[in-house]
Amino acid sequence: MEYIDYYKTLNIEQDCPQAKIKQAYRQLARKYHPDINKDPGAEEKFKEIGEAYEVLNDPEKRAAYDKFGHNWQQGQDFTPPSDWDAGFEFSGSGMGRAEQAGFSDFFSELFGSRQFNQGQNQSFSMQGEDHHAHIVITLAEAWHGAKRTFTLTKPEINTQGQFVNKQHTITVTIPKGITAGHKIRLKGQGMSGHGKGKHGDLYLEISFQENPLYSSIKRDILITLPITPWEAALGGKIACPTLGGTVNLDIPTNSQSGHKLRLKGRGLCSTSHSGDQIVTLKIVIPRAITDEEKEVYRTMAKIMPMDPRQNMKG
């Protein structure tokens, strides 16, 4: 997927005021409108201009786009990081597939599933819109439960018409056993209501920070455990790390690499649901450097001859 420089598309600078974006769009839209410009490619150019305006004219989309835009150039291969939108607070109900149909894959990858403001009903009494944000926590915080303070960024247009990022902090209680994709609801911390309408809510979607030892699938915690050939052959108890501390794991005799063992209740457990830790064994072979070490392997080959490729013969 190629990166699209929306500022370049509209021929404007990245720090331009919000009012200039609309001005640039109108000029280019008139120039390339298919009813006026019959040149080949004018219609495609008109669509590109519309997509750029869709992003840059919306303070929320513009702030999110600007977060990583400094590091990329038009046409470069681009894959957005999984947590690119962490800490940005969005509003509204999102954009449907029909509305996205005319936009590029680049746009859909960044904004297709996000929640953005689609306009507000100005009736006198109406509940405020819900806001949405993405936060990143550690697996340890999910396992134990925790209290964390996060700084969220909410894009706004100030009284001078300038685009600014307004930050505010929130303190969140992370429930024990929460899973990736789960949303924490903070009641009354969304958009202000109109008239006598109540405040909307703030929904925080959870994702996990990468961990050098563990990963997760739903409530199960996954880990690869290195073992020696003699531990695999003879079996026994070995120390295995878990998010709740080290436990003694029973290794069956004659275990093979890839063999999976289950530690019940060592996954992400809440008051009503439980997960396990899945341990995948990985046999690590010692290097034979000295003559004595090499002789050990020669002896093994004589005493325990085997052909691990016997089922691969054509």
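The values are calculated or read from the model by the stated rules, or taken from the named source; none is laboratory data. Note that the structure is predicted; figures quoted are calculated from it, not measured. Cβ placement follows ideal geometry from the backbone for every residue including glycine, while neighbour counts extend to all protein chains displayed.
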Check: Do we have ASN248 as over 30 Å from GLU156 (Cα atoms) and in contact with a helix residue (DSSP H, G or I) (Cβ under 6 Å, 6 or more places away or on another chain) here?
Finding: no
Item checked: Complete set of residues in the range 39-64 that are modelled with pLDDT of 85 or more and among the basic types (Lys, Arg) -> LYS45, LYS47
Note to self: Could you list, ordered by first residue, the pairs with Cβ atoms under 8 Å in which the first is in the range 198-225 and farther than 24 Å from ILE283 by Cβ and free of Cβ contacts under 8 Å to residues at least 60 places away in the same chain and the second is of a type in the set (Gly, Ala, Ser) and buried (at least 19 other Cβ atoms within 10 Å of the Cβ), at least 6 apart or interchain?
What the structure shows: LYS218/GLY275; ARG219/GLY177; ARG219/GLY267; ARG219/GLY275
Next item on the list: Please specify each residue of the range 1-19 satisfying the condition of being surrounded by fewer than 15 Cβ atoms within 10 Å (Cβ to Cβ) and modelled with pLDDT of 85 or more.
Entry: LYS8, ASN11, GLU13
Margin query: Can you tell me how many residues within the range 233-270 are assigned to a loop (DSSP other than H, G, I, E, B) and on the phi > 0 side of the Ramachandran plot?
Written below: 5
Check: What number of residues within the range 23-57 satisfy the criterion of being assigned to a loop (DSSP other than H, G, I, E, B) and more than 22 Å from LEU110 (Cβ to Cβ)?
Finding: 9
Margin query: I need every pair where a residue in the range 265-280 that is free of Cβ contacts under 8 Å to residues at least 12 places away in the same chain and among the β-branched types (Val, Ile, Thr) has its Cβ under 7 Å from the Cβ of a residue that is surrounded by 15 or more Cβ atoms within 10 Å (Cβ to Cβ) and in a loop (DSSP other than H, G, I, E, B), sequence separation at least 6 or different chains.
Written below: none
Margin query: Is it the case, given these coordinates, that GLY245 is closer than 26 Å to THR179 by Cα, surrounded by 10 or more Cβ atoms within 10 Å (Cβ to Cβ) and not hydrophobic (A, V, I, L, M, F, W, C)?
Written below: no
Margin query: If I ask for residues that are touching a residue at least 12 places away in the same chain (Cβ under 8 Å), assigned to a loop (DSSP other than H, G, I, E, B) and of a type in the set (Val, Ile, Thr), which ones from the range 281-295 would you list?
Written below: VAL284, ILE285
